[in-house]
Every structure is written in C-alpha cells, then in structure tokens.
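One structure below.
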Amino acid sequence: MRGVFVTGTDTNCGKTAISLALMAARQARGARVLGMKPVASGCDPSPQGPRNADALRLLAQSSAAAPYHLVNPYAFVPPIAPHLAAARAGVEIRLDTIVSAYRALSAGCDLVVVEGVGGWRVPLSPTLSVSDIPRALDLPVILVVGLKLGCLNHALLTADSIRAQGSALAGWVGNGIDPELQAGEENRATLAARLDAPCLGVIPWLQRPVPDALAGLLHPAWLERSGGTSGAAYPGMPDG
C-alpha cells in the first residue's frame with residue numbers, strides 16, 4: 001500500500017490529528033512517509049501564496065521536505081466550501097493536477113497519507129466531490145469518526161457512501177472531540193458492530209493531542225501494514 005486517503009464524518013472531526021498519528025506510527029517503524037492535503041480552504045495569505053495550517057502540519061510531520069504546491073495543490077483563503085472558494089478565485093479544481101502531485105510525492109517515499117477536506121461528499125466543483133479523489137488515486141479510505149452526539153448516523157451514512165462510490169473502507173478511527181459525550185462506550189460498541197470495517201484505534205478526548213502519543217493508541221493492524229523503506233527521495237528533497 002503506497003497511500004491511504006483519510007476522510008471524516010464532518011469538518012473538525014480531527015482528520016489532521018489522526019493523519020499525523022497515522023504518519024507517526026509508520027515512521028516509528030522506519031517507513032518514509034509524506035503527507036498531502038490536495039484541497040484546502042480557510043488558508044492564510046502569504047507572499048508565496050495561500051498557506052493552509054493543516055497542510056503545513058502534514059508537511060512538518062513528513063519524513064522529508066516537499067514542495068508546498070505538491071502537498072497542497074489547491075489552497076484558497078475564504079473559509080467556505082472549496083467549490084465556492086475555487087469559483088471566487090476563478091480556479092477549476094482538477095483531478096489530473098491532484099494525481100500528478102500525488103505521483104510525484106509517492107515516488108520518493110513508502111507511504112503518502114492524503115487528507116481530505118471537510119466530509120466525504122463535500123463538492124469540489126460542479127461535477128467533482130471529495131469522494132472522487134481516492135478513486136482517482138486508487139487509494140483505500142480510512143474514516144475518522146468524530147465521537148460526539150450524532151456520530152452514529154454520520155459514520156454509518158459515510159461508510160455506506162464510501163462503498164457506494166466504489167472505494168474500499170480500510171478501517172475507521174474513533175476520535176474523542178467531545179469531553180462531555182454520554183454513553184461513549186456504547187457508541188463505540190455500536191460503531192464497531194455496524195461499520196463492518198476494522199477499528200484502527202479509539203482516541204480519547206485530549207486537550208493537546210501530540211502525533212507520537214496518538215500513534216501509540218492506534219491498533220497494531222495499522223502498524224502491521226507498514227513495509228520497508230524505499231531509500232529513494234523526491235528529486236531535490238533532502239532527507240528528514
């Protein structure tokens with residue numbers, strides 16, 4: 001497996017935190033891992049162009065430095081749905097651009113963790129949605145379930161849609177985002193019984209989640225997928 005696509009039940013469910021944890025877990029086994037966020041809105045302006053905080057965190061966690069335009073090919077300043085932000089910028093989000101960036105990144109590492117934007121069916125253009133990205137990249141999907149009231153419905157609907165769209169649901173991670181969630185154990189048991197996919201970890205609510213600490217909470221099933229290191233770097237990419 002050269003890559004995996006991380007999606008979530010909603011915005012702010014913890015996709016970035018879990019993506020970083022997945023990266024850290026593989027890196028601890030000696031794998032060379034890069035992060036990617038193909039599309040992002042709510043970016044900060046900079047002299048070099050819009051920069052997204054989540055994409056920068058993925059870049060910082062990566063095993064080697066990579067050009068920002070490959071990590072985050074589409075970056076928009078307005079904190080609105082990406083298809084609306086793209087329309088305002090006069091930009092068309094294209095799958096071929098994302099595929100080219102992914103291939104360039106994957107050529108220099110063992111694994112690319114690709115993080116989606118928003119939820120699974122967020123529109124990217126009049127004809128594209130987030131769900132089209134993993135199919136174009138031929139990647140299995142990991143679902144991050146933000147553990148809060150309503151997560152059962154969101155998780156089951158998203159899992160159904162992932163399969164209906166022709167992608168493989170490789171597993172799910174429960175992420176504690178509500179410290180006051182009631183019946184947490186029962187909710188997690190329901191998810192385990194109904195999602196019909198491996199649980200790769202359940203993360204409790206943490207005030208300051210750190211990738212290495214979260215990595216230690218992931219199930220060994222994720223670690224066992226780790227292969228050896230390729231030893232090759234993206235051209236011009238220094239060792240990390």
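Quick notes on this structure:
- Distance in nm between pseudo-label sites at A164 and R88 (7 Å out along the Cβ direction from Cα): 3.0
- Residue among L59, A183, P211 farthest towards the positive dipole end of the chain, charges placed on Cβ: L59
- Counted by Cβ distance under 9 Å from L169, the other residues give a net charge of 0, where Lys and Arg count +1 and Asp and Glu count -1.
- Its Cα gyration tensor gives the range 118-171 an equivalent ellipsoid, and the semi-axes of that ellipsoid, as √(5λ) in whole Å with the largest first, are 19, 14, 9.
- Summing Lys and Arg as +1 and Asp and Glu as -1 over all other residues whose Cβ lies under 12 Å from the Cβ of A155 gives a net charge of 0.
- Relative to its residue count, the range 1-97 spans a Cα convex hull of 110 Å³ per residue.
- For G8, residues with placed amide H under 5 Å, excluding near neighbours: W120, V144
- Given the choices (1) 30; (2) 49; (3) 37, percent of Cα pairs over 27 Å apart derived from the coordinates of this structure is entry (1).
None of the figures in this text is laboratory data; all of them are computed from the coordinates on show. For clarity, every value in this text was computed on a predicted model and none was experimentally measured. With ideal geometry, Cβ positions are generated from the backbone for all residues, glycine too; neighbour counts draw on all protein chains shown.
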